[in-house]
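Data block below; observations after.
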Amino acid sequence: QVQLVESGGGLVQPGGSLRLSCATSGSIFRLYHMAWYRQAPGKQRELVAIITSADTTTYADSVKGRFTISGDNAKNTVYLQMNSLKPEDTAVYYCNAHMIVTMGEQVRGYWGQGTQVTVSS
């Protein structure tokens, strides 16, 4: 069974940087796009950034110019470089991937377990 494995969260001071990683644990047939979402306490989960298999990227307005999403298609891995972090970036960050695991199946969305990012002095 394919899983998304995240790493890289932690505690950082305002203005600092973190890099999140998300890798698929098994082989897949086709990857369409990968994305990062986040959910702060008491708030709905929101899209942070998305990257397609053609390397097209889209960002939430709140992170434009500070966050960069990138991918390694050969490894089916996605990264989120977060710079100039603010306290309002504090949230659990979730990796999401839309892919076909086995040929003949329909595309499905998969979620990682989440990684905590805390921005505080």
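The values are calculated or read from the model by the stated rules, or taken from the named source; none is laboratory data. Please read these numbers as outputs of a predicted model, since none were measured by experiment. Reconstructed Cβ throughout: ideal geometry from the backbone, glycine too, with neighbour counts over all protein chains shown. All accessible areas refer to the heavy atoms of the entire protein, side chains included, with ligands and DNA or RNA removed. Shrake-Rupley method; radii C 1.70, N 1.55, O 1.52, S 1.80 Å.
Some observations on this one:
- Qualifying positions in region 28-50 - free of Cβ contacts under 8 Å to residues at least 24 places away in the same chain and polar (S, T, N, Q): 44
- The single condition among (1) open to solvent by 70 Å² or more (accessible area, probe 1.4 Å); (2) in a loop (DSSP other than H, G, I, E, B) that residue 58 does not satisfy is (2).
- Members of region 31-46 found to be part of a strand (DSSP E or B) and out of contact with any Ser or Thr (no Cβ under 8 Å at 6 or more places or on another chain), listed by number: 34, 35, 36, 37, 38, 39, 46
- For region 10-25, residues that are under 20 Å from residue 76 (Cβ atoms) and either in contact (Cβ under 8 Å) with a residue 60 or more places away in the chain or among the aliphatic types (A, V, I, L, M) (or both) total 5.
- Matching residues, region 1-30, being within 14 Å of the chain's Cα centre (by Cα) and either farther than 20 Å from residue 70 by Cα or part of a strand (DSSP E or B) (or both): 4, 5, 6, 7, 18, 19, 20, 21, 22, 23, 24
- Any hit, region 18-25, residues being farther than 30 Å from residue 106 by Cα and touching a Lys or Arg at 6+ places or on another chain (Cβ under 9 Å): no
- Of the residues making up region 72-111, those that are farther than 21 Å from residue 3 by Cα and surrounded by fewer than 17 Cβ atoms within 10 Å (Cβ to Cβ) are 81, 83, 84, 86, 87, 88.
- Restricting the first member to region 106-120 and to residues that are in contact (Cβ under 8 Å) with a residue 24 or more places away in the chain, and the second to residues that are exposed (fewer than 11 other Cβ atoms within 10 Å of the Cβ) and not in a loop (DSSP other than H, G, I, E, B), the beta-carbon pairs closer than 9 Å and six or more apart or on different chains are 119/88.
Yes/no per residue for (1) at negative phi; (2) modelled with pLDDT under 95; (3) in contact with a Cys (Cβ under 6 Å, 6 or more places away or on another chain):
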| position | (1), (2), (3) |
| --- | --- |
| 11 | yes, no, no |
| 22 | yes, no, yes |
| 43 | yes, no, no |
| 65 | no, no, no |
| 75 | yes, yes, no |
| 79 | yes, no, no |
| 83 | yes, no, no |
| 89 | yes, no, no |
| 100 | yes, yes, no |
